[in-house]
1. Pick out, from the stretch 566-661, the helices (runs of 4 or more DSSP H) lying fully within it that include 1 or more residues that are modelled with pLDDT under 90.
2. Exactly one condition in (1) crowded, with 22+ Cβ neighbours inside 10 Å; (2) in contact with a helix residue (DSSP H, G or I) (Cβ under 6 Å, 6 or more places away or on another chain); (3) not small (Gly, Ala, Ser) is false for Gln346; which is it?
3. The conditions are (1) farther than 30 Å from Arg629 by Cα; (2) aliphatic (A, V, I, L, M); (3) surrounded by 17 or more Cβ atoms within 10 Å (Cβ to Cβ), and Ile383 fails exactly one of them. Which is it?
4. Can you work out which of the residues in the stretch 313-354 that are in a helix (DSSP H, G or I) and charged (D, E, K, R) is nearest to Asn385 (Cα to Cα)?
5. Within the stretch 363-379, track down each residue that is among the hydrophobic types (A, V, I, L, M, F, W, C), in contact with a Gly (Cβ under 6 Å, 6 or more places away or on another chain) and surrounded by fewer than 24 Cβ atoms within 10 Å (Cβ to Cβ).
6. Restricting to the stretch 258-312, count the residues that are within 26 Å of the chain's Cα centre (by Cα) and charged (D, E, K, R).
7. Checking the condition out of contact with any Ser or Thr (no Cβ under 8 Å at 6 or more places or on another chain), closer than 22 Å to Val414 by Cα and in the same structural domain as Arg549 (by TED's automatic domain parsing), which residue from Gly503, Gly497 passes?
8. Applying the selection to the stretch 203-214, what residues are closer than 15 Å to Ile148 by Cβ, free of Cβ contacts under 8 Å to residues at least 60 places away in the same chain and either in the same structural domain as Glu133 (by TED's automatic domain parsing) or surrounded by fewer than 20 Cβ atoms within 10 Å (Cβ to Cβ) (or both)?
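The values are calculated or read from the model by the stated rules, or taken from the named source; none is laboratory data. What you see is a predicted model, and the numbers here were worked out from it, not measured in a lab. Neighbour counts are summed over all protein chains in view; Cβ atoms, including those assigned to glycine, are modelled from backbone coordinates with ideal geometry.
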Amino acid sequence: MTWLDALMTMPRHRKRRMLQLIDGLTIVVSLNLAVMLHRDSVLTLADMWLWSLTGLVTLLTLLCFRWLGVYRLVLRYMNHSAVLSLGAGALVSSLLVILLDKVMGDMFSASVAVIHGLALLVGIGGVRYVLRELYLISQRRQRRPVLIYGAGAAGCELVSALRHGGEYEPVAFIDDWRGLEGNLVDGLRVHQPSKLEALIDEHRAAMVLLAIPSATRSRRREILQRLSTLSIPVQTIPGSADVIAGHASINDVRDVAVEDLLGRDPVPQFPDLMDANIRGKSVMVTGAGGSIGSELCRQIIEQQPARLLLVDNCEFALFSIEQELQAHPGVGKSGVEVMPLLASIQRRDALASIFDGFEVHTLYHAAAYKHVPMVEYNLIEGIRNNVFGTLNLARAAMSVGVETFVMISTDKAVRPTNAMGASKRLTELICQALAHGGCRTRFCMVRFGNVLGSSGSVVPRFREQIERGGPVKVTHPEITRYFMTIPEAAQLVIQAGAMARGGEVYVLDMGDPVLIQDLAVNMIRLSGLEVKDSEHPDGDIEIIHTGLRPGEKLFEELLIGEAVSGTRHDRIMTSREPFWEWPQLDAYLQELKRALGASDHMEVRRLLQSAPLAYRPDDTMVDLVWQARNDRLLAGPGPAAIGQRARNFSGPVGLHSTKPV
């Protein structure tokens, strides 16, 4: 351990005593220096009166410093208030010199006291500055150098926070405003982004920290795309909205949010649309514990409804969102009643009880089985929940005269290749048919693509795989998806529902589709790692292609037909799409219900293909129950099993019905 390390690790009470000793010596030296300059001669032992004066001034000044709290100051956090305390102490010491000199015989002029005060302030301030720099040097040797992108107020505040921390040492600023290039900001030189790569090599920078909290999302995305080519870890400070709201502080360094890579700049809300179906009304949200449902609840609370009914069949998810909403400031301020209700939309009696007990004006229906492979593996339950659960809910809402019924749909409902998408398109047909049947309830559907951060989303999966060291699994190198942030989706759903007249299919503008392969590459590189491939065999993380999952499409679509028109909102369109009138659809649903009750998987698939859903499934049936039953049947002895096998596979799957065994 060096002398510097020994000094820094010394107990605080010993540091305080050492500083008092240094201050005492500084007082003695400054006073004697002032006297020598006044007399133009060196002091001698014969000047006993002066040494007595020096002793008294030193003792009283140290007591004054202690009373002013000078020795309670932490040197690493020296600021203007500390300088004021030191200045006040030096001033008191000068006054003491004048007072004691008067008492002892008026031996010299007031200029001695002035020189003494100035010399003392320089001395004690200089000692503390040197000690502070020694501390920073000792810490700098143990820190990792980082570059700060953004030389504004947030960047300066971040630099100050990092210097007082123990992990990172800021070494330079990056800013694309040419007026700052070459200047020093908070002691660091400002460079143009074009010099990033050279600066990383020069300083051996361990990370780039983004300090641009007020930048638009498109601007942040542009910067991150530039940084992603450098394979250096990138972290960021919270956005200005989070800092202002008190949800985070400026020095909360965190991973780059994928919203910064994919999200768009937010569009201002239409206040009249946001509160038209909510303010002062009783609102119900099904699937309230899910990704979209919970965000809908957060947005609804902001519009001050009279009551918010949270409906979900998952106890933990319902508990979590109810606890969060009860702590929301808007609940206590406006007196919103938040009611957590455990119920499944498949239970008609449970729904009837809820509608009997609570008046409902607006209903947002977000409850559904939405994971494509899960519904493929569990065809019967997926269709029963999504289709007939929605039918139960719609009938219950109509029976009590709910004003507005907003159903959350998906882009997978457009020309579906999977049962989940087919079930959601069928629920759209139900709402369309009921809306055109002359009921009082206004039905509308809102269709959009993937949302960032939802359960099962590709983004958290990629992040987990990167943290484990890979490989990152992408189903297909050409697969693309639309993405939208959850808050934006929820706001647009509410505004679309407010524009409904009955039977509309609203389609949200999702922006440009994202190539999932590129998303994986950017996430790897922004973690400071290199993709391992044929061109970079020494890379860190490999991307492997696992093949499309059951029912998965390469490209998602949002529109079925071409009859699309705009609305007053730039990101909400409405589409006119074909549907069955209720008598025809009702007969079809009765037949589908019988097939579900009989667990006749092949008949269910045939019926889905016969409806106007444009359902185009793969030839392979992957339902786990269907496979298990057929495996047991085919494993049975004798020619009966062989005959049954021939009957099961007597043509393309999906064209012939197989009765249950």
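1. In the stretch 566-661, the matching helices (runs of 4 or more DSSP H) lie at 624-634, 638-648.
2. So Gln346 meets the others, but not (1).
3. (1)
4. Taking the candidates together, the pick is Arg348.
5. The answer is Val372, and nothing else.
6. Number satisfying all stated conditions: 9.
7. Being out of contact with any Ser or Thr (no Cβ under 8 Å at 6 or more places or on another chain), closer than 22 Å to Val414 by Cα and in the same structural domain as Arg549 (by TED's automatic domain parsing) holds for just one of Gly503, Gly497, which is Gly503.
8. Within the stretch 203-214, His203 is the sole residue that qualifies.
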